[in-house]
Amino acid sequence: MHRLWSATCLLASCGLFSCAATVNPAQQSAQSQAAVRGAVEAGAEHNPQAALHLKMARDQIQQAEQFIAAEENEAALTALQRAEIDAELAVSIARKVRVEQDAALMRSKIAELRTEATVEGAVQ
Amino acid sequence: MKAVSPLVWTIVGAGTVLACSVTQPSAELVDARQAYLRAMESPAAQHEQDELLAAKQALQKAEEAYEGDPGSRSEKHLAYLAERRAQMAEQRGLTTAAEQDQMKTKAEYDALEKQMRKQTEQRLEKSREALGRTTSALAAVQAQLGQAGGKNAELEEKKRQLLAEKENLEKSLAVKGTELEAEREARIKAEKTAAAALASLDKFAQVKADDDETIITLNGSVLFETGKSKLLPAAEERLRAVARALKQQKNRTIQIAGHTDSRGATQMNEKLSLDRAKSVREFLVSHGVKPGMIEAVGRGEAQPVAENGTAEGRANNRRVEIIVRKGT
């Protein structure tokens, strides 16, 4: 029980306070913005689901800027970490969509070949 | 510790009033648990075990925060990260599954192509055999004619027929041998360029390809100003790319469908969506797409793809769809 409690204190203080000493908002901000650029490059803007997470990422970066201005570093860091992971998720979704589209295109080509095969077969 | 105490007091205070609510996990944690379960049941379980492990560890952190300090900001934050981690594992699993599907489909395509080529060769072989039979029949008739002293009218007629047949077979063989192959190669090449052209558009737009239709969705906000149907300069580059891809499509019909969100009067929205579709059509026609194969329709607010209750949803609903279908 004692161990659990001390672990909790450590975790709570790390999550909310002491990590500020290791990662500062400026570093995290650069990281989050890079993730957003990555999502844009992956085509996240063109799929509604990916675009939604990209927007969440951008909104949270904007929110973080307000927190930074108000010197609320903890809140800023939280928002920036969320922004980063949302942008990463947007990348994953955009990549999946691209691969699925490629597969669909290939299937449509097969269907076209099949139609042609039947037509030629009928002529023969 | 000092900083944690106010939080603890808040929880104790709330606990005396609402004993149960304190121990309830946050909505974020509930979502994270569900996302993890979903990821476990997705193809990620088979393809992305590392990702799934990372998601599990993230969820454990959130669970620990919940056990130690229920309802804390830390719990909610860690749960948010855990939910995303699980969603990412799920998406990556789906990606790997789709990649494998694509490889399988590619193999199927190659096999089908090979089979078709083999069939063509078999048909050529049959034609050659038929020619061989006709040629020997012709030789036999000529031999008989020689014996009859060249005076048998019936045999003469048969000879003429066989000669004509031989000529026809030779002609058709030549056609099959050259044109068929050339045609097939040209078709494969054209198909490849056309498909690649449509696929390349996904840099500019959302492209959804089905067996017999491809839908290219362009977001309204990049094409038009609010309430206007005149194209924005920024839209032109995208539409030029669309025009380039559409010009390569043969035997297709193209429908341009305008859509709006639900704000404003229904009739106004119908008119606006039609005007916008017409603007896009005009642009495409002026950039080389045949006017006969392309029509513009206005769908107004009737076919939303997202919630009209949020700004994000409304933005997705304001769109122009370019639907490319097979047929004349």
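The values are calculated or read from the model by the stated rules, or taken from the named source; none is laboratory data. None of the values given here were measured: they were computed from a predicted structure. In this analysis, Cβ positions are derived from the backbone assuming ideal geometry, glycine residues included, and neighbour counts consider all displayed protein chains.
Data overview
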read-out: B:GLN102, sole failed condition from (1) facing chain A (nearest Cβ under 7 Å); (2) surrounded by 19 or more Cβ atoms within 10 Å (Cβ to Cβ); (3) farther than 30 Å from B:ILE188 by Cβ; value: (3)
read-out: Inter-residue pairs, beta-carbon under 6 Å, first at pLDDT 85 or above and in the range B:157-176, second of a type in the set (Gly, Ala, Ser), 6+ apart; value: B:LEU162/B:ALA137; B:LEU169/B:ALA130
read-out: Those residues of the range B:105-147 which are of a type outside the set (Gly, Ala, Ser), in contact with a Lys or Arg (Cβ under 8 Å, 6 or more places away or on another chain) and within 13 Å of chain A (Cβ to nearest Cβ), in sequence order; value: B:THR105, B:TYR109, B:LEU112, B:MET116, B:ARG117, B:THR120, B:ARG123, B:LEU124
read-out: Residue check for A:GLU71: surrounded by fewer than 24 Cβ atoms within 10 Å (Cβ to Cβ), without any contact (Cβ under 8 Å) to a residue 40 or more places away in the chain and at the interface with chain B (Cβ under 9 Å from one of its Cβ atoms); value: no
read-out: Condition check for B:LYS228: of a type in the set (D, E, K, R) and over 21 Å from the mean Cα position of the chain (by Cα); value: yes
read-out: Residue list for the range B:68-84, restricted to those being among the charged types (D, E, K, R), assigned to a helix (DSSP H, G or I) and facing chain A (nearest Cβ under 7 Å); value: B:ARG73, B:ARG84
read-out: Members of the range B:104-135 found to be under 25 Å from the mean Cα position of the chain (by Cα) and among the acidic types (Asp, Glu), listed by number; value: B:GLU108, B:ASP110, B:GLU113
read-out: Residue that is over 20 Å from B:ALA86 (Cβ atoms), among the acidic types (Asp, Glu) and either at pLDDT below 95 or out of contact with any Ser or Thr (no Cβ under 8 Å at 6 or more places or on another chain) (or both), where the choices are A:GLU74, A:GLU88; value: A:GLU74
read-out: Single match in B:LEU223, B:LEU272, B:LEU284 (criterion: surrounded by 16 or more Cβ atoms within 10 Å (Cβ to Cβ), in contact (Cβ under 8 Å) with a residue 12 or more places away in the chain, more than 18 Å from B:GLN303 (Cβ to Cβ) and among the aliphatic types (A, V, I, L, M)); value: B:LEU284
read-out: Check on B:ARG318, surrounded by 20 or more Cβ atoms within 10 Å (Cβ to Cβ), in the same structural domain as B:ASP212 (by TED's automatic domain parsing), over 29 Å from B:LYS192 (Cβ atoms) and not acidic (Asp, Glu); value: yes
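Residue-wise test of (1) farther than 15 Å from B:THR96 by Cβ; (2) within 7 Å of chain B (Cβ to nearest Cβ); (3) under 8 Å from the mean Cα position of the chain (by Cα).
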{"site": "A:ALA75", "(1), (2), (3)": "yes, no, no"}
{"site": "A:ALA79", "(1), (2), (3)": "yes, no, no"}
{"site": "A:ARG82", "(1), (2), (3)": "yes, yes, no"}
{"site": "A:ILE85", "(1), (2), (3)": "yes, yes, yes"}
{"site": "A:GLU88", "(1), (2), (3)": "yes, yes, yes"}
{"site": "A:SER108", "(1), (2), (3)": "yes, yes, no"}
